[in-house]
Amino acid sequence: MNKGEELYSGKAKTVYRTEDPDALIVVFRDSLTAFDGEKKAEVSKKGYYNAQISKKLFELLEENGIKTHYREMVTDNEMLVDNIKIILVEVIVRNIAAGSITKKYPIEVGQPLEPPVIVMDYKDDSRHDPMLNEDIAAALGLATKEELAGIKKTALEINGILKSYLDGKGLLLPDFKLEFGRRGDEIILGDEISCDTCRFWDKETGNSLDKDVFRFDKGDLVAAYMEVARRIVPEIFE
Ligand code: UDP
């Protein structure tokens, strides 16, 4: 499968058409942004590690009955995916408080959130991704209440699968972001599941092994992403 016309270029990934109208190629780039694009960097190998981590987690979810857009890797940092129509909703799942929830509400960093907290935001950087409720999502024509309920249920299932898998790799999963899209009549998981879109904390030390290293200048970003890759996709280091 070859890359055709560029369809879309976001902050960290570029999407191309292919000869198959139902398939796209996603290129995981080395660029990195935070704080709605205010902070930017280019970090060698970042795209590679994120692509490999995403691939492994998509495969894990598929093995556990979750439908995703993932098809196969084309190169080390290029993924062939189903051409789905992304729903402009960011689904955030939180198991341990970190990031924006600790700024908006009186919740301390590290507080366990049991049951997990799910928040849905409207995906629009120019509006700083405002939080949605069912009525606003319906008014915007994004998804029906029933569809949102299905998305929430799937997000919780995904959370259970990822949490227990990552626990076995010595990683805590404080929170992560998912995006879903339409494939025919179904709603399936799209986007990526990587160090850019998840918080991963080392179970022993509590250290961040994710984009917080970049957001808050906590050290060597590639070393952190490589450490997650080393635990999740050890085969790429053989
Ligand atoms: N997240 C993301 N894209 C966004 C917003 C959040 O991937 O546009 C992820 C983020 O990496 C974290 C989780 O969703 O794992 C929760 O993010 P939060 O709302 O705390 O925002 P932050 O303070 O990290 O910007």
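The values are calculated or read from the model by the stated rules, or taken from the named source; none is laboratory data. Being a predicted model, the structure only gives us computed values, none of them experimental. Glycine gets a Cβ as well: all are built from the backbone with ideal geometry, and neighbour counts include every protein chain shown. Surface areas here come from the heavy atoms of the whole protein model, side chains and all, with no ligands, DNA or RNA. Shrake-Rupley method; radii C 1.70, N 1.55, O 1.52, S 1.80 Å.
Observations on the model:
- A count restricted to segment 218-231 and to residues that are within 16 Å of the ligand (Cβ to nearest atom) and not in a loop (DSSP other than H, G, I, E, B) stands at 4.
- Any hit, segment 11-20, residues being under 25 Å from S100 (Cα atoms), in a loop (DSSP other than H, G, I, E, B) and touching a Leu at 6+ places or on another chain (Cβ under 9 Å): yes
- Test for L162: is it within 15 Å of the ligand (Cβ to nearest atom), open to solvent by less than 60 Å² (accessible area, probe 1.4 Å), more than 20 Å from A34 (Cβ to Cβ) and at pLDDT 95 or above: yes
- V26 vs. criteria buried (at least 20 other Cβ atoms within 10 Å of the Cβ), within 14 Å of the ligand (Cβ to nearest atom), modelled with pLDDT of 95 or more and within 29 Å of P130 (Cα to Cα): no
- Identity of the residue in segment 98-110, more than 9 Å from the ligand (Cβ to nearest atom) and aliphatic (A, V, I, L, M), that ends up farthest from the chain's Cα centre (by Cα): I107
- Candidates in segment 111-147 are the residues that are modelled with pLDDT of 95 or more and among the polar types (S, T, N, Q); of these, the one that is nearest to the ligand (Cβ to nearest atom) is Q111.
- Flag if I92 is under 16 Å from the mean Cα position of the chain (by Cα) and within 26 Å of N133 (Cβ to Cβ): yes
- Some residue of segment 36-47 being modelled with pLDDT of 95 or more and farther than 23 Å from Y225 by Cα: no
- Exactly one residue out of R215, R183 is more than 19 Å from Q52 (Cα to Cα), near the ligand (Cβ under 9 Å from one of its atoms) and open to solvent by 30 Å² or more (accessible area, probe 1.4 Å): that is R215.
- Flag for F200 being of a type in the set (F, W, Y), closer than 26 Å to D36 by Cα and at pLDDT 95 or above: yes
- Residue match in segment 61-69 (condition: of a type outside the set (K, R) and within 11 Å of the ligand (Cβ to nearest atom)): no
- Counted residues, segment 29-60 - those being in contact (Cβ under 8 Å) with a residue 60 or more places away in the chain, within 14 Å of the ligand (Cβ to nearest atom) and in a loop (DSSP other than H, G, I, E, B): 3
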